[in-house]
Amino acid sequence: MQSFNPPVRTLMGPGPSDVHPRILSAMARPTIGHLDPAFVSMMDETKEGLKTIFKTRNKLTLPVSAPGSAGMETCFSNLVEPDDKVIVCINGVFGMRMKENVTRLGGKAIIVEDNWGEAVSANKLEEALKNNPDASIVAFVHAETSTGAQSDAKTLCKLAHQYDCITIVDAVTSLGGTELRVDEWEIDAIYSGTQKCLSAMPGISPISFGERAIKKLSIRKTPVSSWFLDLNLVMEYWSEGAKRTYHHTAPVNTLYGLHESLVMILKEGIENSWTRHQKNHELLRDGLEAMGINFLVNKKDRLPQLNSVFIPEGVDDVQIRATLLNDYNLEIGAGLGVYAGKIWRIGLMGYASRKENIILCLSALKEILA
Ligand code: PLP
């Protein structure tokens, strides 16, 4: 075997996005013990930083030592008990995974379905809430990466609470890239990922649980089925004032990376980060539309960090993406599910959300499609 030296790419797909060089160099710093007092104080700062960008005061806010899917499983496995009725809103791939989580935990999933590319419909959710007064949880994806559609998390959470349900929200693609206010919108449990708009490496999932979610966890009749994701145990390591007992070996250097990402995003300001993503989206949109390329999602529900556009007629999807990768070192994403072969997903996430990347992408597409 020889050392692996990856090609240098520009990552403008649905994630992972480009990792900032400061984060890469932070991860190369010397590994210390995960119970070392210096590491523990970095953990505390990391939690504070996450609270700031989630816009929450939730004490139970921490980075799960695994990718976004583990954050998803943390929320579902801690909050769903066998026979619990959970309303799952599906408007793309990641809503389908939520349903899968519910059924594997022995819960009963009630599906609210919307077309791929559209936001979750509040009216349909209300209908489901009325028809299922025994439901206890509503779950939905804030930013559907498979389509680039954004749902109105504030309205959906408000509705759920009117019918005595708590909410589980997927913010893997939204955190850092688009407005997200956990406390103000009364989100009860949320999970995200580091590999999208935080400019960091894949492999960590920030989560936050509010009081309603903690209460549901505390009155469980059955133990959490996953030992690794059981927050009662994880908190013994992550909580301030807790014994900091060994639970698993934290991914020390990866957490240096997340810490550095938070240092950078706090310096920029979370609202400024949202604005940067929006402005860059507009720049890309204008360039694409000038080339006659159209968006899948209507303007109101469009995510600035994930631009889903229709592949022009007669154009070979696979060949174009291969040319972008081979000749321009530029990665854009393919469509998924019903949109496979029909759309491209162009990400402008975190450090990749920069003017020079937009110029590269537009000029490369112009050359290839000419
Ligand atoms: N949820 C959404 C909306 C995502 O976009 C992704 C990944 O792309 C995930 C969950 C799963 O995250 P991971 O791939 O880090 O496990």
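Considering the chain as a Gaussian network with a 10 Å cut-off on Cα pairs, which listed residue, D36, D230, D286, attains the greatest mean-square fluctuation?
D36
Between G269, G241, G193, find the one with the highest GNM mean-square fluctuation for the chain; connect C-alpha pairs within less than 10 Å.
G241
If Lys and Arg each add +1 and Asp and Glu each add -1, what is the summed charge of the other residues whose beta carbon sits under 15 Å from the beta carbon of A322?
Values: positive: R9, R321; negative: D316, D317, D327, E331, E367.
Net charge in that neighbourhood comes out at -3.
Apply 1/(1 + (r/R0)^6) to the Cβ-Cβ distance of A28 and K300, taking R0 = 56 Å, and write down the FRET efficiency to the nearest 0.05.
0.85
Tell me the net charge near M98. Cut-off is 12 Å between Cβ atoms, M98 excluded, with +1 for each Lys or Arg and -1 for each Asp or Glu.
Local net charge: -1.
With a 10 Å radius around each residue's Cβ, average the other Cβ atoms per peptide and rank 195-202, 359-366, 88-95, highest first. Each step should come with its number before you reach the end.
On the way: 195-202: 26.8, 359-366: 17.4, 88-95: 23.6.
The peptides rank, most packed first, as 195-202, 88-95, 359-366.
So if each residue of separation counts as 0.36 nm, and I subtract the Cα-Cα distance between K267 and A290, what length gain in nm does that give?
4.8 nm
How big is D for the chain, in µm² s⁻¹ as a whole number, if Stokes-Einstein is applied with the Kirkwood radius of its Cα pairs at 20 °C and 1.002 mPa s?
Details: Rh = 21.1 Å.
Roughly 102 µm²/s, to the nearest whole number.
Can you list the trypsin sites (Lys or Arg not before Pro) in region 53-118 that are in a DSSP coil and have 13 or fewer other beta carbons within 10 angstrom? Mind dumping the intermediate values first?
Numbers: sites: K55, R57, K59, K85, R97, K99, R104, K108; in loops: K55, R57, K59.
Loop-located and lightly packed - R57.
Among the complete DSSP H segments of the chain, which ones combine at least 15 Å of alpha-carbon extent along their axis with a mean Kyte-Doolittle hydropathy of 0.5 or more?
Membrane-span-like by this rule: 252-268, 355-369.
At 0.36 nm per residue, and after removing the present C-alpha to C-alpha distance, how many nm does the segment from N326 to S225 gain when stretched out fully?
Result for the pair: 31.9 nm of gain on full extension.
Mind putting together the pair-distance distribution for region 219-370? All Cα pairs, 10 Å bins, whole percent per bin, short to long.
Final binned percentages: 9, 29, 23, 20, 15, 5, 0.
FYI, it's all coordinate maths here, none of it is from the lab. The shown structure was predicted, so the numbers you read here are calculated from the model rather than taken from an experiment. Please note: Cβ atoms are built from the backbone with ideal geometry, for glycine as well, and neighbour counts cover all protein chains shown.
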